1. Regarding the range 69-112, what is the average projected area of its C-alpha convex hull, in nm²?
2. Could you tell me which of rounded, prolate or oblate describes the range 28-109, using a ≥ b ≥ c as the square roots of the eigenvalues of the alpha-carbon gyration tensor, with rounded for a/c under 1.5 and, failing that, prolate when a/b is larger than b/c and oblate otherwise?
3. Please list 62-68, 102-108, 44-50 highest first by mean number of surrounding beta-carbon atoms within 10 Å per residue.
4. Quick check: residue separation of residue 30 and residue 63 times 0.36 nm, minus the Cα distance between them. What number comes out in nm?
């Protein structure tokens, strides 16, 4: 299963275009690279549902909510279930700093300026 996720992540990375969102201070290229490195791209895409929800949908759901970043970092690191349907999100071995970078990018809308 892990090999499949890594393969899917590599395929997604090959077609992904690094985005920048300078207004939010998020280094989108770095965030996208971290998401690829940690196999997030195997289940998520920026603007369409794959196994998990599109990141723009995640950003829209959590936009402006107090504690959203901390909640999402916890979901990334510890996994979650029932938040977006029946398919659980497994825990990811990612540092808190890297998870925060990816989450900030998602909350910024994964947009280019």
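1. That works out to 3.3 nm², a quarter of the Cα hull's surface.
2. Rounded.
3. 102-108, 44-50, 62-68
4. 9.8 nm is the gain from fully extending residue 30 to residue 63.
Values quoted throughout were computed directly from the atomic coordinates according to the rules given, and no laboratory measurement underlies them. What you see is a predicted model, and the numbers here were worked out from it, not measured in a lab. Cβ: placed from backbone, ideal geometry, glycine included. Neighbour counts: every protein chain shown.
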